[in-house]
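Notes follow once the structure below has been shown.
The values are calculated or read from the model by the stated rules, or taken from the named source; none is laboratory data. Here the structure is a predicted model, which means the values were calculated and not measured. Please note: Cβ atoms are built from the backbone with ideal geometry, for glycine as well, and neighbour counts cover all protein chains shown. What goes into the accessible areas is simple: the full protein's heavy atoms, side chains included, and nothing from ligands, DNA or RNA. Shrake-Rupley method; radii C 1.70, N 1.55, O 1.52, S 1.80 Å.
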Amino acid sequence: MLKDLYHGKINPSERIPRPEPTEMTQEWMRLSEEFEKSLTPEQVEMYHRLSDIQSESASLDNEALYVQGFKDGARMMLDVLGK
């Protein structure tokens, strides 16, 4: 597995199944569309930029949490194996 990971044959983020949109996601999409209709074209552009920045920030947070979880798991293995 480590060799596959090293050679790029494993991409953990691609292994996560994409769920069907939840009610919350559908509600967000509906409200977002409704909100955009009330904005000027310039405001829509700014709203999209803000949404992109928020998404990128969430992605970076998720990456950091993934790395930390991997480190925690490795530490736990060392502890279980008696280091």
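Full-extension gain between M76 and S38, please, as 0.36 nm times their residue separation minus the C-alpha to C-alpha distance.
8.5 nm
According to a simple spin-label model (label point 7 Å from Cα along Cα-to-Cβ), what is the distance in nm between N11 and Q26?
So the label points at Q26 and N11 sit 3.0 nm apart.
Using a 1.4 Å probe on the protein chains only, how many percent of the accessible area of the chain belongs to carbon and sulfur?
60 percent
Beyond 18 Å, what share of the Cα-Cα pairs of the range 14-71 is found? Please give it as a whole percent.
Pairs farther apart than 18 Å: 56 percent.
Let me spell out the model: positive unit charges on the Cβ of Lys and Arg, negative unit charges on the Cβ of Asp and Glu, origin at the Cα centre of the chain. What dipole size does that give, in debye rounded to 20?
Once rounded to the nearest 20, the dipole reads 700 debye.
Please give the helix 41-80 orientation as an angle from the longest Cα principal axis of the chain, in degrees from 0 to 90, rounded to the nearest 10.
10 degrees
How much mean residue ellipticity at 222 nm does the chain get from its helices, if each DSSP H run of length 4 or more adds -39500 (n - 2.57) and you divide by all residues, to the nearest 500 deg cm²/dmol?
About -25000 deg cm²/dmol.
From the residues V80, S55, T25, which one has its Cα farthest along the dipole of the chain in the positive direction, the dipole being from +1 and -1 charges on Cβ of Lys/Arg and Asp/Glu about the Cα centre?
V80
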